[in-house]
Amino acid sequence: MEAIERILVVGAGTMGRQIAMSAALAGYTATVQDINADMLAAAGADLGTWAATRVGKGKLDSDAASQALSRLSYTTNLQEAAGSADFVIEAATERLDIKKEIFATLGSYTPAHAVLASNSSTLGSSKVAEASGRAEQVCNMHFFNPALVMKCVEVVRHDLTSDATVAVTLELARRLGKQPVLINHEIPGFVANRLMGAIQREALALADAGAATIEDIDTTARTALGHPMGPFELMDLVGLDVITFIAEATYAETSDPADAPHPRVQALEATGRLGRKSGSGFYDYGQGGH
Ligand SMILES: NC(=O)c1ccc[n+]([C@@H]2O[C@H](COP(=O)([O-])OP(=O)(O)OC[C@H]3O[C@@H](n4cnc5c(N)ncnc54)[C@H](O)[C@@H]3O)[C@@H](O)[C@H]2O)c1
């Protein structure tokens with residue numbers, strides 16, 4: 001574990017940039033690699049703004065912020081960045097062909113000791129392990145959005161993941177200030193998304209049965225169960241297109257009709273109601289909206 005100094009994050013999108021900043025704040029040298037130079041520039045600007053805002057609110061020391069930002073670097077060259085990485089967190093676009101190619105390159109160019117982790121929400125790391133040529137050093141390290149805030153990291157081992165890889169990944173997550181949990185074998189949705197899916201399915205079934213309004217179902221989740229938001233509010237926040245994507249991916253793995261995309265979510269999606277990001281979903285977020 002002492003050997004881990006340099007972390008490579010592949011993918012500068014929503015997740016990758018915040019994972020890299022978490023590593024830089026914890027004292028690691030972090031390189032962010034992306035095939036899209038515009039995304040790298042956007043990531044750098046975004047993290048600069050994030051840090052300035054935190055400093056402005058007194059939540060982050062200004063020296064700590066500038067030191068963290070100086071520990072970050074950005075590149076489009078994966079082979080070069082891989083050469084000095086002790087630990088890689090892949091957070092590229094959710095497509096198996098893309099991830100397989102990345103893991104093949106990582107397997108060829110990272111030092112022999114490097115652990116290769118995938119942040120994928122739906123693709124178990126066994127699917128990319130073989131391409132890396134070092135399956136025992138591959139696992140999922142699943143952060144939650146926003147990665148700078150959310151404490152949970154699901155560390156998911158596949159059949160060949162070694163105990164040493166699991167131990168190093170759990171410890172790294174702790175050093176990033178997270179509270180990691182271990183998932184002992186690959187299961188579609190891991191734990192958090194399965195729990196969320198079960199609650200959402202039941203909420204949709206209750207609404208379909210006319211048992212209560214979506215507003216009252218959400219209120220019940222908040223006031224009786226202590227959830228920070230109700231299932232419909234949460235689906236709107238995540239994005240109804242993302243909810244359908246996760247359901248499709250889970251259904252493709254399980255063939256269980258209960259996991260299939262819900263018609264009510266799909267109907268809203270078809271009319272462009274994607275949740276908060278489009279201004280409406282289960283609720284309206286325009287002026288005077290929810
Ligand atoms: N968004 C979430 O809420 C969330 C939460 C947990 C996990 N994840 C997982 O994180 C990963 C990334 O998701 P995101 O939401 O950050 O996606 P995103 O679309 O915001 O970013 C993906 C980035 O990957 C880059 N990319 C594409 N191909 C690449 C390649 N060959 N090499 C390097 N970079 C490449 C893209 O240019 C883009 O910048 C996915 O596997 C997703 O399942 C997402």
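When the surface is traced with a 1.4 Å probe over the full set of protein chains, Glu101 keeps roughly 130 Å² accessible. Here the alpha carbons of the range 194-278 define both size measures, Rg and Dmax, at 12.5, 35 Å. Once all protein chains are placed together, Lys151 keeps about 120 Å² accessible to a 1.4 angstrom probe. At q = 0.12, 0.22, 0.24, 0.25 Å⁻¹, what is the base-10 log of I(q)/I(0) for the range 1-101 according to the Debye formula with one equal point scatterer per Cα and no solvent? Please give it to two decimals. So the normalised log intensities work out to -0.37, -1.11, -1.26, -1.33.
Amide H contacts of Val153 (H built 1.01 Å from N, in plane; Pro and chain starts excluded): Gln179, Val181 sit under 5 Å, all sequence-distant by 5 or more or on other chains. Which distance in Å, rounded to a whole number, links the C-alpha centroids of the range 249-276 and the range 69-141? Rounded to whole Å, the Cα centres lie 30 Å apart. Using the Cα coordinates of the range 165-211, the gyration tensor eigenvalues translate into equivalent-ellipsoid semi-axes of 34, 12, 5 Å, sorted from longest to shortest.
What the Kirkwood sum gives for the range 149-290 is a hydrodynamic radius of 16.9 Å, with every pair of different alpha carbons counted. With the largest listed first and rounded to whole Å, the semi-axes of the equivalent ellipsoid of the range 6-183 from the Cα gyration tensor are 25, 18, 14. The 1.4 Å probe gives accessible areas that order Phe245, Phe143, largest first, as Phe245, Phe143.
Contact order for the chain, expressed relative to its length and based on alpha carbon pairs under 8 Å spaced 6+ residues apart, stands at 12 percent.
Within the assembled protein chains, the solvent-accessible surface assigned to Ser66 is about 70 Å², based on a 1.4 Å probe.
Just so you know, the Cα atoms of the range 68-110 work out to an Rg and Dmax of 11.2, 33 Å. Straight-line cross-link partners of Lys59 among the lysines, defined as a Cα under 30 Å from its Cα and at least 8 positions apart when in the same chain: Lys151, Lys178, Lys277.
Shown here for the range 43-133: chymotrypsin sites (Phe, Trp or Tyr not before Pro) in loop regions (DSSP other than H, G, I, E, B) with at most 15 other Cβ atoms within 10 Å, of which there are none.
Taking every DSSP helix (H) stretch of at least 4 residues in the chain, weighting each as -39,500 (n - 2.57) and dividing the sum by the residue count yields a mean residue ellipticity at 222 nm of -14500 deg cm²/dmol.
Count Lys and Arg as plus one, Asp and Glu as minus one, and take only other residues whose Cβ is under 11 Å from that of Thr161; the net charge is then -2.
The values are calculated or read from the model by the stated rules, or taken from the named source; none is laboratory data. All figures in this text were calculated on a predicted structure; none of them were measured in a lab. Because the Cβ atoms are built from the backbone with ideal geometry, glycine has one as well, and the counts that use them run over all protein chains shown. Just so you know, the surface numbers come from the protein's heavy atoms only, side chains and all, with ligands and any DNA or RNA stripped out. Shrake-Rupley method; radii C 1.70, N 1.55, O 1.52, S 1.80 Å.
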